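Chemist: Quick one: the structure is below, and I'll ask about it shortly.
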Amino acid sequence: MDNKLMLMIPGPTPVPEAALLALAKHPIGHRSGEFSSMMAEVTENLKWLHQTTSDVLMLNVSGTGAVEAGIINFLSAGDRVLVGNNGKFGERWVEVAQAFGLNVETITAEWGKPLDPQKFAEVLEADTNKEIKAVIITHSETSTGVINDLETINSHVKKHGQALIIVDAVTSLGAYNVNVDGLGLDVVASGSQKGYMIPPGLGFVSVSPKAWEAYKTATLPKYYLDLGKYRKSTAKNTTPFTPPVNLIVALHTTLGMMKKEGLESIFARHERQKNATRAAMKALNLPLYAADECASPAITAVEIAEADKLRSVMKKRFDIALAGGQDHLSNKIFRIGHLGFVCDRDILSCIAALEVALPQVGYDNFTPGAGIAAAAKVFS
Ligand SMILES: *Cc1c(COP(=O)(O)O)cnc(C)c1O
């Protein structure tokens, strides 16, 4: 039986029917009053989601474009920046910063381990001349399922006083408490196909007043990603360029759903599904790639030999899409996405299917039903 695909990958994530129906509507003009009133509500709800009274801007880009915009709008060539790198995305922000001629210093951790906040503290404390202009970190490192300790790293940035904190929150926003104003996060980037429950195509960047100050003197070249243009347009409930109108209509729908569910419930749901997934993997005697203390609420990485064969069985037999490992983790891990429009039933289905699929790839080191029982315990 076809056409019952279950996306259990960390983006694109499943899209609720109400949003799919919104996508099916005729496009409306983006200079119309109808669009402007929708923009006004979307902007207000984006601020609610980010827990900020400052700006949240929307661009027609994937998550990478949002992070790139978050970097290039506030810095100048040669600026010293500190970039955290403990996975595929951390690596990407090092590359972006280098591509724009920034003076990049990296703080690394092994893949599967969190960044050590103390290392940030040491470099920031030693910078008495206040040369470091920004600290760039990935909050939830999707490639490994690790969540970095944003709160503590940010507290060291705050002590430094000068540097901006620029955060890739692509798989934490809408899953975990990213309190932009509460923490004083300067730039927070995210993308529509993750916690927002709509298809790929929109990127979001929140900008603090302190970052807008830096914007005034930043000289890296920019045009399409010039956030000043988006700020001006957003204030008038419009966009500088043609936006993906239908995606915004869908976003209007899903933000409404999120508001109805409430931030606390959304975070609790992700936490619960993370706990159930991890309990199940432990009961199946499968090693988890990230430790409990630093486990992402959005994604669980699991070690197994011939992971891609398992993914292929899951796809062919059950139409469940799991993510694979990237780079040196290719075929060594599989990743279960539990981000966005995922209900507890999806987790139970996925675990039950895994219990059937695992023996088919030669893994039977578990008591049948043990995974489901462990997840059920978390859910009941
Ligand atoms: C998905 C993701 C991105 C953005 O990737 P795009 O393919 O550009 O949308 C960035 N950072 C993290 C941590 C992600 O999971």
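Chemist: Taking Ala69 as the residue in question, decide whether it is more than 20 Å from the chain's Cα centre (by Cα) and assigned by TED's automatic domain parsing to the domain that holds Lys236.
Modeler: no
Chemist: Output the residue which, of all residues in region 181-218 that are among the basic types (Lys, Arg) and touching a residue at least 12 places away in the same chain (Cβ under 8 Å), is nearest to the ligand (Cβ to nearest atom).
Modeler: Ranking the qualifying residues of region 181-218, first place goes to Lys194.
Chemist: While we're here: Would you confirm whether or not region 166-176 contains a residue that is modelled with pLDDT of 95 or more, more than 16 Å from the ligand (Cβ to nearest atom) and hydroxyl-bearing (Ser, Thr, Tyr)?
Modeler: So far as region 166-176 goes, no, none of its residues is modelled with pLDDT of 95 or more, more than 16 Å from the ligand (Cβ to nearest atom) and hydroxyl-bearing (Ser, Thr, Tyr).
Chemist: Looking for whichever is out of contact with any strand residue (DSSP E or B) (no Cβ under 6 Å at 6 or more places or on another chain), buried (at least 16 other Cβ atoms within 10 Å of the Cβ), in the same structural domain as Gly324 (by TED's automatic domain parsing) and part of a helix (DSSP H, G or I) here; the options are Ala280, Ala250. Which one fits?
Modeler: Ala280
Chemist: Report whether or not Lys274 is part of a helix (DSSP H, G or I), in contact with a strand residue (DSSP E or B) (Cβ under 8 Å, 6 or more places away or on another chain) and within 22 Å of Asn177 (Cα to Cα).
Modeler: yes
Chemist: Continuing with the same structure: When the residues of region 52-72 are narrowed to those that are of a type in the set (A, V, I, L, M) and more than 9 Å from the ligand (Cβ to nearest atom), which ends up surrounded by the most Cβ atoms within 10 Å (Cβ to Cβ)?
Modeler: Only one residue fits best here, namely Ile71.
Chemist: Also: Being in contact (Cβ under 8 Å) with a residue 40 or more places away in the chain, away from the ligand (no atom under 16 Å from the Cβ) and over 24 Å from Phe267 (Cβ atoms) is the requirement here; does Lys25 meet it?
Modeler: yes
The values are calculated or read from the model by the stated rules, or taken from the named source; none is laboratory data. Since the model is a prediction, treat every value here as computed from it, not as a measurement. Counting neighbours? That spans all protein chains shown, and the Cβs are built from the backbone with ideal geometry, glycine included.
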